[in-house]
Amino acid sequence: MMPGSAPPAAGSGMFVPTQTAGTVLCCICGVSMQPNPANMCARCLRARVDITEGVPRNAAVVYCPDCFSYLQPPRSWLRAGPESPELLQILLRRLKHPLARLKVSLSGAEFVFSEPHSKRLRLKLRLRREVLNGIVLEQTHPVEFVVHDRLCDSCARAQANPDQWVAVVQLRQHVPHRRTFLYLEQLLIKHGQAALAIRVASAPGGLDFFFGSRSHAARLVDFLGTVAPIQTNTAKQLVSHDTKSFIYNYKYTFSVEICPICREDLIALSPKASRDLGGLGPLVLCTKVTNAIALLDPLTLRVHHLEEKKYRVYNFKAALTSKQLVQYMVLDIEPESPEITIDGSRYQLAYAQVARMSDFGKNDTVFTVRTHLGHRLNPGDLALGYDLYGANMNDDDMDKALLRQNLPEVVLVKKSYEKRPRTRRWKLKRLPVEEDLGNKAKGEEERRENEYDMFVRDLESDPELRFGINLYKNEDYRSEMASTIGDDVPTVPIEELIEDLTLGDDEDEEEEEGADAGMVE
């Protein structure tokens, strides 16, 4: 073939030799291999060159058992769960300088299972380094970290004296029940906002969260502002100061007041508020409370979201609360309009004939009312509502609303269920709240149990309400316990439940956990 001419085509019939890679023999064992600058195979090269030489196989890490955080030298404490990416990053930082000094790069790292009580953390590293004139060699290297328990500064102060707090968040709501705090408690547990608190104490009208750092308290206040309409005031008190170094020590107080409007409250809007909200009401129901208040007109299905700043302009109160709900029997239901969806909730206007359960056997009083629950109620069902016909209210806005127009005699709020399971297949976690037993009123424990039971029922009935919290499987639940409960009673689907992973103390639980971890590995 002439120089500069193109190579023959594949279909030209000319013989084209195949290109084969050349091989050489290993200078040590004589195995055929691809040529490299060392003329040694990978097995012989690994036997004579150790790239992990000088990399430590043992190290130590400091752990605070109270707040579950690890020491990041010199003084930082980082919170990390077992075998989490955050914990892996903390451990690898301890090996950063030895790897950089030996010019070894890290190509991968993973945890190796170890017993939770062994106080050992094991890692398997994949190290890579260039050796012998451009040959890149990769090897695995195990590292074992010994966990030393030591309290961090905040936990040490708390153990020495629980009153040595730096900042306190005083959370209050002036309402006759604690349903809002029950819901906020679950949100704080899910998002871990109260985990850094030194202690949580019960107080009249709310809770007190004590922190060892002002930043931790400020973070809790910021979180509360995203889930509830709040008003915050701050104050600080000088504890001590050093005139030579100009160091001042303060105690900070965050006073957080939650808007006194809760779900299912009946509100009578003033003429000015009704006019400013586009003719809403004057009777409205609170259907949802986040950082804004959702107000529903049950007669027109109009919804308005009122922010906290705008609420402070009107500053209205609830005319009737959920503690004043009355049970009714639905005698007849007649839909008026098709079912619609507003903000993820379904409504349908309908006319319903209802009678108070307390009137059965006494009189024949029947009320015909307009309701937004036409899609839920059927003849024979039970419903909870506000009795405006026989209610004794001391509310100026309600009196003005009665003078302006004819208001309904009954406002239905939700469907009621006569039978409820005593035990449920799910459960909730609770915050460790310190109770003041000395100032506890008579019957307070029974009242709180009833409020908690009502909160649990609301979670079963409202999927939107339990969407933002974690529900855990109840290991003590037995399916035959619910055999006497009707099919129409709302329950939580098992798909929404989370396994409650707890570390057992007996040997059987430890063996099961070890077996499960071995299967995962």
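The values are calculated or read from the model by the stated rules, or taken from the named source; none is laboratory data. Source: prediction; values computed, not measured. Positions of Cβ are generated from backbone atoms using ideal geometry, with glycine treated the same way; all protein chains shown enter the neighbour counts. With ligands, DNA and RNA removed, areas are computed over all heavy atoms of the protein, side chains included. Shrake-Rupley method; radii C 1.70, N 1.55, O 1.52, S 1.80 Å.
What about T226, is it polar (S, T, N, Q), touching a helix residue (DSSP H, G or I) at 6+ places or on another chain (Cβ under 7 Å), under 26 Å from I267 (Cβ atoms) and at pLDDT 90 or above? So T226 fails the test. Consider D149 carefully, then state whether it is of a type in the set (D, E) and open to solvent by 50 Å² or more (accessible area, probe 1.4 Å). Yes: the conditions hold for D149. Entry remark, region 296-328: residues being part of a strand (DSSP E or B) and either within 20 Å of E257 (Cα to Cα) or touching a Lys or Arg at 6+ places or on another chain (Cβ under 8 Å) (or both) number 7 in total.
Close contacts from region 207-223, counting a first residue that is within 13 Å of Y252 (Cα to Cα) and a second that is among the aromatic types (F, W, Y) and open to solvent by 30 Å² or more (accessible area, probe 1.4 Å), with Cβ to Cβ under 6 Å and a gap of 6+ residues or different chains, come to F210/W165; R214/Y252. Yes or no: region 211-225 includes at least one residue that is under 29 Å from L325 (Cα atoms) and out of contact with any Phe, Trp or Tyr (no Cβ under 9 Å at 6 or more places or on another chain). Yes; the residues of region 211-225 include at least one that is under 29 Å from L325 (Cα atoms) and out of contact with any Phe, Trp or Tyr (no Cβ under 9 Å at 6 or more places or on another chain). Identify the residue in region 479-489 that is within 20 Å of D381 (Cα to Cα) and surrounded by 14 or more Cβ atoms within 10 Å (Cβ to Cβ) and, among all such residues, is modelled with the lowest pLDDT. It comes out as I485. Listed conditions (1) more than 60 Å from the chain's Cα centre (by Cα); (2) modelled with pLDDT of 85 or more; (3) of a type in the set (A, V, I, L, M) are all met by A59, apart from (1). In the set D476, D500, only one residue is assigned to a loop (DSSP other than H, G, I, E, B), surrounded by 13 or more Cβ atoms within 10 Å (Cβ to Cβ) and either under 18 Å from the mean Cα position of the chain (by Cα) or at pLDDT 70 or above (or both); that residue is D500.
Against the conditions (1) open to solvent by 30 Å² or more (accessible area, probe 1.4 Å); (2) at pLDDT below 90, S322 satisfies every one except (1). From the list R79, R93, R129, R101, exactly one residue is touching a Ser or Thr at 6+ places or on another chain (Cβ under 6 Å) and charged (D, E, K, R). Which is it? Matching residue, one of R79, R93, R129, R101: R79. Filtering A228, A218, A292, A235 for residues that are touching a Pro at 6+ places or on another chain (Cβ under 7 Å) and either open to solvent by 20 Å² or more (accessible area, probe 1.4 Å) or closer than 26 Å to D462 by Cα (or both) leaves a single hit, A292. Number of residues in region 169-181 that are of a type outside the set (D, E, K, R) and surrounded by fewer than 20 Cβ atoms within 10 Å (Cβ to Cβ) equals 4. Residues in region 223-250 that are assigned to a strand (DSSP E or B) and either touching a Gly at 6+ places or on another chain (Cβ under 8 Å) or farther than 26 Å from A195 by Cα (or both): T232, L238, S240, H241, D242, I247, Y248. Which one of these does E307 not meet: (1) open to solvent by 10 Å² or more (accessible area, probe 1.4 Å); (2) over 30 Å from V168 (Cβ atoms); (3) in contact with a strand residue (DSSP E or B) (Cβ under 6 Å, 6 or more places away or on another chain); (4) not small (G, A, S)? Result: E307 fails condition (2) only.
Within region 330-341, the residues that satisfy the criterion of being aliphatic (A, V, I, L, M) and open to solvent by less than 40 Å² (accessible area, probe 1.4 Å) are V330, I333. Collect the residues in region 438-473 that are at pLDDT below 80 and open to solvent by 80 Å² or more (accessible area, probe 1.4 Å), keeping them in residue-number order. Correct list: N439, K442. Among the residues of region 96-111, is any of a type in the set (S, T, N, Q) and over 30 Å from I261 (Cβ atoms)? Yes: one or more hits. Scan region 26-65 for residues that are part of a strand (DSSP E or B) and touching a residue at least 12 places away in the same chain (Cβ under 8 Å) and the total you get is 7.
Just one of the listed residues (G192, G206) is within 21 Å of the chain's Cα centre (by Cα), surrounded by fewer than 15 Cβ atoms within 10 Å (Cβ to Cβ) and under 30 Å from T287 (Cα atoms), and it is G192. Residues that are loosely packed, with under 10 Cβ neighbours inside 10 Å and not charged (D, E, K, R) within region 239-255 comprise S240, T243, S245, F246, I247, listed in sequence order.
Looking at region 267-281, is at least one residue on the phi > 0 side of the Ramachandran plot and modelled with pLDDT under 85? Scanning region 267-281, I find at least one residue that is on the phi > 0 side of the Ramachandran plot and modelled with pLDDT under 85, so the answer is yes.
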